[in-house]
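Only one structure is covered here, and it is reproduced in the block below.
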Amino acid sequence: MSTPRRVSLGFEGGQTLALRASDKAIAQLEKTLSNGGWHDLESDDGTVRVNLDKLVYISAETGEPRVGFG
């Protein structure tokens with residue numbers, strides 16, 4: 001099982017939603033973006049229903065370890 005990654009979802013109007021989700025859940029979200037409508041995103045805190053028509057950006061951490069002040 002993969003370690004959940006931090007993801008930020010940005011919406012029209014400037015609202016953001018920060019959560020942690022698996023690689024599989026993030027890939028599924030990205031795959032369904034072009035369909036629009038509602039999408040259920042499985043996160044560490046439970047299921048989040050996202051209106052893809054209002055989504056402006058997705059920012060996900062790379063999963064690469066960071067050490068120090070670089």
Determine the share of the chain's accessible area contributed by carbon and sulfur atoms, expressed in whole percent, with a 1.4 angstrom probe. 49 percent
Percent RCO, i.e. relative contact order, over the chain, from Cα pairs under 8 Å lying at least 6 residues apart: 35 percent
What angle do you read, to the nearest 10 degrees and between 0 and 90, between the alpha-carbon axis of helix 23-32 and the longest principal axis of the chain? 30 degrees
How much of Ser34 can a 1.4 Å solvent probe reach, expressed as accessible area in Å² and rounded to 10? 110 Å²
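The values are calculated or read from the model by the stated rules, or taken from the named source; none is laboratory data. Fair warning: this is a prediction, and the values are worked out from it, not measured in the lab. We work out accessible area using only protein heavy atoms, side chains counted, and drop any ligands, DNA or RNA first. Shrake-Rupley method; radii C 1.70, N 1.55, O 1.52, S 1.80 Å.
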